[in-house]
Amino acid sequence: MADVDRLVQKVNQLVVLDSVDGVSSLRRGQTLELSAGHVEMLRPLADNLDLPGRLATSLHSISGTQGRWHDRRDDARAGLTELVALCANRLEPDSSLPEPADAGARDRLATAVCRAYAANATPRLVAGLFPDGRPDDLGRFPPPQLEGDVAAARAMAVAIGARTASGEDQVLKRLVAAGHGAAAHEAAAMLLEARMDFARLPQGQRAGIHRQLTRSIEAGFAVRDVQRAAARELTEELENRREDVTGGAGAIDTASGIARDEVGRLHEFLQKIDYWEESMEPQPTPSLDEVRAIVARGLVSRVEHHARIQTDLPDSQVASPPAATAAAAETMVATSTIPFESRPAATAATATMLTEGFDELPTLVDDWRAGGSDVRREAEVYGGTLGDRTLAAVRGFELHPPNAQAAEPNRVFGTDPAIPPLGRVQAPTGQTRQADGAAASSRNKGSDGLIR
């Protein structure tokens with residue numbers, strides 16, 4: 001069972017890395033509760049992670065003169081796909097996720113989205129399981145035969161992608177990364193992001209429409225009647241498959257229609273009260289130094305969200321890019337499973353990546369201004385993006401720890417004067433930031449404006 005537990009941890013890391021913004025609820029030493037049958041399907045794979053070729057087709061003797069070919073990779077592929085779905089279903093939602101109108105409908109959609117994601121993602125994740133792995137190490141995955149809720153979830157992803165110019169895989173990644181139960185909330189966000197009329201609404205008017213779309217998607221998905229394929233006659237099976245697809249896509253069609261109608265009504269109301277004329281006073285554009293400070297705060301906030309601990313930065317240095325860069329890299333690495341001897345090198349490499357991100361700001365700010373974007377808002381989003389990149393980099397180092405020889409910054413980065421020192425920033429005596437609600441609420445907001 002220990003080998004299977006190690007396989008679970010490895011697959012969980014691959015799912016978190018693949019989803020980029022996903023944060024697993026599994027911590028070091030924890031594992032999933034698998035059925036006995038699932039464990040038996042995974043055991044041969046867990047026992048041969050060093051050499052997957054041992055799982056290839058072999059001849060099994062049935063009697064003294066007869067035998068049959070048996071490919072243990074069939075069970076390995078099926079068991080691994082189910083494991084990927086279970087790990088995806090353990091990604092944590094944001095604590096600000098609104099309560100569901102129907103908890104059963106929310107759970108049903110969450111399970112379906114995770115299974116649809118697993119059907120697409122498992123073949124590409126195989127290579128990460130083995131040393132010098134390749135996508136075909138477990139043979140060829142057959143095209144998934146999706147039915148019921150899983151087919152409906154895939155149809156949802158396709159319908160969202162058609163409205164947002166995104167691929168099915170990209171949509172499923174976002175829905176899964178949002179965490180268990182947050183698929184409809186994220187789907188609603190994607191639909192609304194694509195609407196320029198929604199972006200022009202006052203900030204305080206957007207949350208209500210977002211909640212309404214979330215509940216519409218969850219209810220529209222759950223209204224379908226679920227039947228197992230094994231109990232269907234052929235004509236009934238074809239009809240139900242068509243209903244699965246149209247039901248999933250229909251939930252998105254309905255939500256999209258609600259967004260159009262509600263946003264239109266709000267615009268008409270705001271026009272009647274002359275809101276637009278009263279709010280046309282130009283807002284001052286932040287300077288480059290102010291943008292750097294906004295990005296630094298967003299970076300620290302997002303890293304604290306991913307790591308689920310606060311950094312050691314005092315309030316006076318949270319807006320300092322060099323201090324935020326060092327603290328973000330060190331905090332994310334400290335909460336990882338990277339071997340201790342490789343952590344200095346991982347911290348140095350992550351800090352260098354973040355420094356390069358800050359170096360891009362002058363060009364980015366020019367582009368935001370030229371495009372007429374809200375520079376302050378773009379900076380908040382970019383800070384969260386750097387936090388997501390930090391998580392992705394550390395997850396990569398968990399799978400492939402860096403060479404400990406690179407731990408000495410002077411040896412690797414000593415010739416680059418733009419790289420700040422990577423030592424931990426300590427708060428002056430009496431100024432250490434307290435982990436209380438007041439401190440958190442003042443700045444722990446993600447790129448979407450929600451308290452983390």
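The values are calculated or read from the model by the stated rules, or taken from the named source; none is laboratory data. Treat the numbers as computed from the prediction; the structure is a model and nothing was measured. Cβ placement follows ideal geometry from the backbone for every residue including glycine, while neighbour counts extend to all protein chains displayed.
Residues of segment 296-347 that are assigned to a loop (DSSP other than H, G, I, E, B) and more than 16 Å from GLU380 (Cα to Cα): ARG308, ILE309, GLN310, THR311, ASP312, LEU313, PRO314, THR335, SER336, THR337, ILE338, PRO339. Among the residues here, ALA293 does not qualify as surrounded by 14 or more Cβ atoms within 10 Å (Cβ to Cβ), modelled with pLDDT of 80 or more and more than 27 Å from ASP374 (Cα to Cα).
Mind checking whether some residue in segment 315-335 is within 24 Å of GLN9 (Cβ to Cβ) and surrounded by fewer than 20 Cβ atoms within 10 Å (Cβ to Cβ)? Yes.
Out of THR111, THR81, one residue alone is closer than 30 Å to ILE209 by Cα, at pLDDT 85 or above, in the same structural domain as ASP169 (by TED's automatic domain parsing) and hydroxyl-bearing (Ser, Thr, Tyr). It is THR111.
LEU55 meets all of the listed conditions (1) at pLDDT below 75; (2) over 14 Å from LEU129 (Cβ atoms); (3) not acidic (Asp, Glu) but one, namely (2).
For the criterion of being modelled with pLDDT of 90 or more and in contact with a Leu (Cβ under 8 Å, 6 or more places away or on another chain), LEU34 fails. Mind listing whichever residues of segment 76-134 are closer than 16 Å to ASN12 by Cα, in a loop (DSSP other than H, G, I, E, B) and over 15 Å from the mean Cα position of the chain (by Cα)? Once the filter is applied, which keeps residues that are closer than 16 Å to ASN12 by Cα, in a loop (DSSP other than H, G, I, E, B) and over 15 Å from the mean Cα position of the chain (by Cα), segment 76-134 yields only PHE130. For segment 305-313, the criterion of a residue being closer than 14 Å to LEU391 by Cβ, of a type in the set (D, E, K, R) and buried (at least 22 other Cβ atoms within 10 Å of the Cβ) is satisfied by no position.
All told, GLU33 meets the bar of being surrounded by fewer than 17 Cβ atoms within 10 Å (Cβ to Cβ) and part of a loop (DSSP other than H, G, I, E, B). Scanning segment 176-207 for residues that are touching a Cys at 6+ places or on another chain (Cβ under 9 Å) and part of a helix (DSSP H, G or I) yields VAL176, ALA183. Of the residues making up segment 367-401, those that are outside any helix (DSSP H, G or I) and modelled with pLDDT under 85 are GLY371, GLY372, SER373, ASP374, HIS400. Checking ARG211, ARG206, ARG140 one by one, the residue that is among the basic types (Lys, Arg), under 20 Å from VAL263 (Cβ atoms) and free of Cβ contacts under 8 Å to residues at least 24 places away in the same chain is ARG206 and no other.
Taking segment 187-226 as the range and being surrounded by fewer than 22 Cβ atoms within 10 Å (Cβ to Cβ) and acidic (Asp, Glu) as the test, the residues that pass are GLU193, ASP197, ASP225. Annotation note: of THR347, THR390, the sole residue that is more than 22 Å from LYS173 (Cβ to Cβ) and of a type in the set (Val, Ile, Thr) is THR347.
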